[in-house]
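The values are calculated or read from the model by the stated rules, or taken from the named source; none is laboratory data. What you see is a predicted model; the values in this text were computed from it and never measured. As a convention, Cβ positions derive from the backbone with ideal geometry for all residues, glycine included, and neighbour counts pool all protein chains shown. With ligands, DNA and RNA removed, areas are computed over all heavy atoms of the protein, side chains included. Shrake-Rupley method; radii C 1.70, N 1.55, O 1.52, S 1.80 Å.
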Amino acid sequence: MRNVLSRQEVINAVERKGCTNPPAFLHKFWGMGLEEKYGKQLTELADLYPDDICSVFYTEPGYDVSPTENPEYRFGYKDYHNAERHSIGESVVLLDDWGELDQFLAHFPNPSEPGNFDVVEEAAKKAEGRYKLGCFWRLFHERFWSIRGMENLMYDYYDETDNLKIIGKRLTEFYKVIIDKFAAAGFDGIFTSDDLGHQHGPMMSPEIFRELYFPLYKEIIGYTHEKGMHFWLHSCGDNMLLMDDLIEAGLDVFHPVQKGCMDEQETVRRFGGRITFLSGIDVQYLMPNASADQVRQEIRQMKKLFNVDGKGMLLAMGNGIMPDTPLENIKAALDTIFEEG
């Protein structure tokens, strides 16, 4: 088993300059219920397969509790008589009436709340020469979705584009503060999510993506590059029709190239050499249903396909490993990820 890769080796992989073995990141992506099922066995197994990347999430203001200065709004949900509804998993639309937009913007969370970067600064001290990746989930589409609700958002794409652009500008201002804070702590990249795709295509037309999202992506990725950091994106589903725009916007790393949604060979043929893939191992079908040997064979094939000439690939799970996955399959996957050659 190889040693942890250095910061420079990961940079070389991200920038497609060559790396002996693909860096491993999110290879220990435990889905809900997995740790409860396997307990100590999983913990002991995880210790054998180190992280090539030091990743850390800052404490997002208003994610779990309302900011003190904003008692009514928080990022994604409304606190208004909400506790019982959250306990049964029912989400509450934050902005259900565009007439409240000014009030929503007035109560926007503060990106510089005291203590929200304490955990980041502590993690940076323990990076031990590794590449440092600053993380937050939900960028633009996912954030609009949580603010307006999915059904409302589908109509908004046609009826309320200008208002979405207003929120997008405010989100961009918010993220720039967060990016500044990660840069000041010496981080090498930003990793966020925006599930733009469903099983058979993007959730919005390419024309809508180009008008609404492309300028936002270009601005936030460009700003990240100005600060000397790479930009990584997780997006589930079929993103084939959006990849050229994401690449033009400057995206450095794309995760996961979801099995069953994006044709892997076609993805490499069309986009390889222009973007780096954090290639995701299939957790939906392969990991829970295949044999350990089949898991090993699939990951070796992924390395041959994506890691051409030792360039353009990092390895991860496609998403959280589900609790119906046999432990021997998890071990087989981790063994093969770290396999030399």
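Within the range 199-211, is even one residue assigned to a strand (DSSP E or B) and either in contact with a helix residue (DSSP H, G or I) (Cβ under 7 Å, 6 or more places away or on another chain) or under 22 Å from residue 26 (Cα atoms) (or both)?
Yes, there is a match, as at least one residue in the range 199-211 is assigned to a strand (DSSP E or B) and either in contact with a helix residue (DSSP H, G or I) (Cβ under 7 Å, 6 or more places away or on another chain) or under 22 Å from residue 26 (Cα atoms) (or both).
Residues that are crowded, with 19+ Cβ neighbours inside 10 Å and over 20 Å from residue 284 (Cβ atoms) within the range 304-313 comprise 307, 312, 313, listed in sequence order.
Out of the range 1-60, which residues are part of a helix (DSSP H, G or I) and under 22 Å from residue 119 (Cβ atoms)?
So in the range 1-60, the residues part of a helix (DSSP H, G or I) come out as 7-14, 34-38, 40-46.
Correct list: 7, 10, 35, 43, 46.
Restricting the search to helices (runs of 4 or more DSSP H) fully inside the range 104-170 and requiring at least 3 residues that are open to solvent by less than 20 Å² (accessible area, probe 1.4 Å) and closer than 24 Å to residue 234 by Cβ gives 141-148, 150-159.
If the condition is being open to solvent by 20 Å² or more (accessible area, probe 1.4 Å), in contact (Cβ under 8 Å) with a residue 60 or more places away in the chain and either within 20 Å of the chain's Cα centre (by Cα) or under 20 Å from residue 127 (Cβ atoms) (or both), then the range 20-47 contributes 26, 28, 29, 30, 32.
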